[in-house]
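Novice: Below you'll find the structure I mean.
The values are calculated or read from the model by the stated rules, or taken from the named source; none is laboratory data. Here the structure is a predicted model, which is why all the values come from computation and not from measurement. Please note: Cβ atoms are built from the backbone with ideal geometry, for glycine as well, and neighbour counts cover all protein chains shown. Calculation scope for accessible area: heavy atoms of the full protein, side chains included, ligands and nucleic acids excluded. Shrake-Rupley method; radii C 1.70, N 1.55, O 1.52, S 1.80 Å.
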Amino acid sequence: MTSSTMAGQTRTAQAPPTPVAPDDLRIFKRKPKRKRPTAYRPSPDLLPVLVDDRTYASRRRHSHVDAASLLILVIVLIQLLPSRLVVPDLTSVGRPGLLVGLLLAVWWLLSKLHPRLAMMGPQPMRWAFVVYLLSLLLSYAAGQFRGMPTLEANSADRALLGALAFMGIIFMTADGVPTRERLDDVQRVLVYCTAINSMLGILQFITKKDLTQNIVIPGLTLQGELVGLADRGGGGLIRVAGTTGHYIEFSVVMAFAVPLGIHYARYAATRFERRLFLLSTLVIAGSIPLALSRTGILAVAVAIVCMWPAWNWRFRFNVVVVTMGLLAVLSVVRPGLLGTLRSLFSNAEDDPSIKGRTEDYDVVFQYASERPWLGRGTGTFIPELYRYLDNQWLMTLMNNGYLGIAAMVVLHFAGVFLAIIAFRRAETEVDRHLCAAIASVPLVAALTGLTFDSFSFSTFVVVLGLQLGAAGAMWRFTHPARTTRGAAVGALNR
């Protein structure tokens, strides 16, 4: 090795560079431009999944309006606007929330016409609703064949339009909500809007005024009169309904939201959110007795029982303590309220409403014997023409026959079973708890259908549809063939 000294520094001769193998020069060559594929290839940045055999994807381009955004709009419109406030000349189907539900149904149907639209993969909730929809269509056809007066024919058409809105809410929740986080967004808005509705009911109870009369929206009109307030039990107690169409509906919708409120009061991201959800849940639960309805009390009790397996003993104790404290507050704030509720159960055998329900059985089964399998026709058993039935299962028997009853069972318990399957698949405590909350809603809906004609009330139907769809969404999110991604949404390959 040679060396030389220059300006006080020693410089050592370096070895010659190692020659580059010809094969290594390929990294400097320009890569040939790939030919654009003719077949559709999904982007690997699709959120929340990679698309492959039996896996899921949700595709969103540059718009911030996704299925969850429209579902949130449905919740706001259906919970915060009075049930009788409709678009002129559109009758009961003209509620703004139901019209958005029809838009969601059109969106879902259009998604099936193009391979790039991303609602693919197995989804049992679709098939459960298809069974229900087929029963409606067969009964509708049976009614057309027997011949119907104009009033019944118009009611049948409205019933089918309402079923399409119901379908849009279920399918777009089950298939269209892109991520678990967006499903949380939908459920959180549902709890918040239900809390606002319950606060309106509490104010009605305190002021003894129907405050929904002050809600006026340009372009909308009242279809008939608002449900208003009603006396029950004496002692100056009144029943409240918030923005819903009936006092029983109000109490059941509140009971639907209690398990969801408990979930987010326990698992929300920040302490402030958890406290806010706790307050919202207490307000919702506290408004249920104000409807003075046995159905609401039974509904919230069944919902708590459904949630019981998902709790440890400490949390169960906390729920019992909070419930006792809430009852104590109600007894102090409004003396006589709990006594009236207790008398509704203790004197049930002398209650005229229960006697009326039991007297319906003979008449209904006599009608049903004439058309046992498909019924008189979807939506044709009009209370004003025949008689009022405070039982959705009997209404379904009259309209859709025994096949309709079977389809209703499939629809309700598909939601329960899918949520249970997702519960067993879930890897985190948070997901399991949410699945338990979702499973409680269709079960409560099935039981409360024995006490009032629940599908005649659109707020009830919308909230039930959201939770049936949420059961399908959780089944999808916990599917073993699904690869979750947390990356941002990428553009589709063109």
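Novice: Just the residues that are within 26 Å of the chain's Cα centre (by Cα), surrounded by 17 or more Cβ atoms within 10 Å (Cβ to Cβ) and of a type in the set (D, E, K, R), please, taken from region 283-338.
Specialist: If the condition is that a residue be within 26 Å of the chain's Cα centre (by Cα), surrounded by 17 or more Cβ atoms within 10 Å (Cβ to Cβ) and of a type in the set (D, E, K, R), then 294 is the only one that fits.
Novice: Which number in (1) open to solvent by less than 30 Å² (accessible area, probe 1.4 Å); (2) free of Cβ contacts under 8 Å to residues at least 60 places away in the same chain marks the one condition that residue 125 misses?
Specialist: (2)
Novice: Test residue 182 against the criterion of being among the basic types (Lys, Arg), in contact with a strand residue (DSSP E or B) (Cβ under 6 Å, 6 or more places away or on another chain) and open to solvent by 40 Å² or more (accessible area, probe 1.4 Å), and give yes or no. Quick ask: steps written out before the conclusion?
Specialist: Working: among the basic types (Lys, Arg): yes; in contact with a strand residue (DSSP E or B) (Cβ under 6 Å, 6 or more places away or on another chain): no; open to solvent by 40 Å² or more (accessible area, probe 1.4 Å): yes.
Answer is no for this residue.
Novice: Looking at residue 468, is it surrounded by fewer than 21 Cβ atoms within 10 Å (Cβ to Cβ), at pLDDT 95 or above and in contact with a helix residue (DSSP H, G or I) (Cβ under 7 Å, 6 or more places away or on another chain)? Full working, then the answer.
Specialist: On the way: surrounded by fewer than 21 Cβ atoms within 10 Å (Cβ to Cβ): no; at pLDDT 95 or above: yes; in contact with a helix residue (DSSP H, G or I) (Cβ under 7 Å, 6 or more places away or on another chain): yes.
No, not satisfied.
Novice: Moving on. Which condition from (1) over 21 Å from residue 308 (Cα atoms); (2) out of contact with any helix residue (DSSP H, G or I) (no Cβ under 6 Å at 6 or more places or on another chain); (3) in contact (Cβ under 8 Å) with a residue 24 or more places away in the chain is the one that residue 207 breaks?
Specialist: Here residue 207 meets the rest and fails (3).
Novice: Just a yes or no: is a residue in region 368-375 among the charged types (D, E, K, R), under 18 Å from residue 457 (Cβ atoms) and open to solvent by 20 Å² or more (accessible area, probe 1.4 Å)?
Specialist: no
Novice: Name the single residue, out of those in region 194-236 being part of a loop (DSSP other than H, G, I, E, B) and in contact with an Asp or Glu (Cβ under 9 Å, 6 or more places away or on another chain), that is surrounded by the fewest Cβ atoms within 10 Å (Cβ to Cβ). If you could, list the steps in order and put the result at the bottom.
Specialist: Residues of region 194-236 part of a loop (DSSP other than H, G, I, E, B): 208-210, 215-220, 223-229, 232-236.
Imposing the further condition that a residue be in contact with an Asp or Glu (Cβ under 9 Å, 6 or more places away or on another chain) reduces the set to 226-229.
Numbers: 226: 18, 227: 22, 228: 14, 229: 17.
Only one residue tops the list, namely 228.
Novice: Condition check: open to solvent by less than 10 Å² (accessible area, probe 1.4 Å), among the polar types (S, T, N, Q) and in contact (Cβ under 8 Å) with a residue 40 or more places away in the chain. Does residue 456 satisfy that? Reasoning before the result, please.
Specialist: Details: open to solvent by less than 10 Å² (accessible area, probe 1.4 Å): no; among the polar types (S, T, N, Q): yes; in contact (Cβ under 8 Å) with a residue 40 or more places away in the chain: yes.
When the stated conditions are applied, residue 456 does not pass them.
Novice: Determine whether residue 304 is closer than 26 Å to residue 230 by Cα, touching a residue at least 12 places away in the same chain (Cβ under 8 Å) and not aromatic (Phe, Trp, Tyr).
Specialist: no
Novice: If I go through region 196-218 residue by residue, how many of them are closer than 12 Å to residue 81 by Cβ and more than 26 Å from the chain's Cα centre (by Cα)? Spell out the reasoning first.
Specialist: Step one: of region 196-218, the residues closer than 12 Å to residue 81 by Cβ are 196-197, 200, 212, 215-217.
From the residues that got through so far, the ones that are more than 26 Å from the chain's Cα centre (by Cα) too are 216.
Count: 1.
Novice: Give region 409-429 a look and list any residue that's open to solvent by less than 50 Å² (accessible area, probe 1.4 Å) and part of a helix (DSSP H, G or I), or say none.
Specialist: Scanning region 409-429 gives 411, 412, 414, 415, 416, 418, 419, 422.
Novice: Determine whether region 317-326 contains at least one residue that is assigned to a helix (DSSP H, G or I) and over 28 Å from residue 206 (Cα atoms). Explain how you work it out, then say what you get.
Specialist: Taking region 317-326 first, the residues assigned to a helix (DSSP H, G or I) are 317-326.
Of the ones still in play, those that are also over 28 Å from residue 206 (Cα atoms) are 317-318.
Looking through region 317-326, at least one residue is assigned to a helix (DSSP H, G or I) and over 28 Å from residue 206 (Cα atoms).
Novice: Using the structure shown, decide if residue 140 is open to solvent by 30 Å² or more (accessible area, probe 1.4 Å), outside any loop (DSSP other than H, G, I, E, B), modelled with pLDDT of 95 or more and hydroxyl-bearing (Ser, Thr, Tyr).
Specialist: On the way: open to solvent by 30 Å² or more (accessible area, probe 1.4 Å): yes; outside any loop (DSSP other than H, G, I, E, B): yes; modelled with pLDDT of 95 or more: yes; hydroxyl-bearing (Ser, Thr, Tyr): yes.
Judged against the criteria, residue 140 is a match.
Novice: Right, another one. Among the numbered criteria (1) touching a Lys or Arg at 6+ places or on another chain (Cβ under 7 Å); (2) open to solvent by 10 Å² or more (accessible area, probe 1.4 Å); (3) of a type outside the set (Val, Ile, Thr), which single criterion is violated by residue 401?
Specialist: (2)
Novice: Quick check on my filter: what residues within region 442-466 are polar (S, T, N, Q) and not in a helix (DSSP H, G or I)?
Specialist: 451, the sole residue that qualifies.
Novice: Within the bounds of region 371-387, is there any residue that is part of a helix (DSSP H, G or I) and either under 27 Å from the mean Cα position of the chain (by Cα) or over 19 Å from residue 452 (Cα atoms) (or both)? Write out each step before concluding.
Specialist: As a first pass, look at region 371-387 and keep what is part of a helix (DSSP H, G or I): none.
No: region 371-387 contains no residue that is part of a helix (DSSP H, G or I) and either under 27 Å from the mean Cα position of the chain (by Cα) or over 19 Å from residue 452 (Cα atoms) (or both).
Novice: If you check every pair at least six apart or on different chains, which have Cβ atoms under 7 Å apart with a residue in region 262-288 that is more than 17 Å from residue 437 (Cβ to Cβ) and part of a helix (DSSP H, G or I) first and a residue that is open to solvent by less than 20 Å² (accessible area, probe 1.4 Å) and modelled with pLDDT of 95 or more second?
Specialist: Between residues of region 262-288 that are more than 17 Å from residue 437 (Cβ to Cβ) and part of a helix (DSSP H, G or I) and residues that are open to solvent by less than 20 Å² (accessible area, probe 1.4 Å) and modelled with pLDDT of 95 or more, the close pairs are 283/195; 283/198; 287/198; 287/201; 287/254.
Rundown of residues vs (1) within 29 Å of residue 93 (Cα to Cα); (2) touching a Lys or Arg at 6+ places or on another chain (Cβ under 8 Å); (3) at pLDDT 95 or above, yes/no style:
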residue	(1), (2), (3)
185	yes, no, yes
193	yes, no, yes
223	yes, yes, no
226	yes, yes, no
230	yes, yes, no
235	no, no, no
251	yes, no, yes
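Novice: Hey, another quick one. With the condition kept exactly as written, say whether any residue in region 430-445 is among the acidic types (Asp, Glu) and surrounded by fewer than 21 Cβ atoms within 10 Å (Cβ to Cβ).
Specialist: As a first pass, look at region 430-445 and keep what is among the acidic types (Asp, Glu): 431.
Restricting the remaining residues to those that are surrounded by fewer than 21 Cβ atoms within 10 Å (Cβ to Cβ) gives 431.
Within region 430-445 (the criterion being among the acidic types (Asp, Glu) and surrounded by fewer than 21 Cβ atoms within 10 Å (Cβ to Cβ)), the answer is yes, since at least one residue qualifies.
Novice: Give me the pairs: first residue in region 376-388 and closer than 15 Å to residue 161 by Cα, second residue open to solvent by 20 Å² or more (accessible area, probe 1.4 Å) and assigned to a loop (DSSP other than H, G, I, E, B), beta-carbon distance under 7 Å, and six or more apart or on different chains, which are they?
Specialist: 377/148; 380/148
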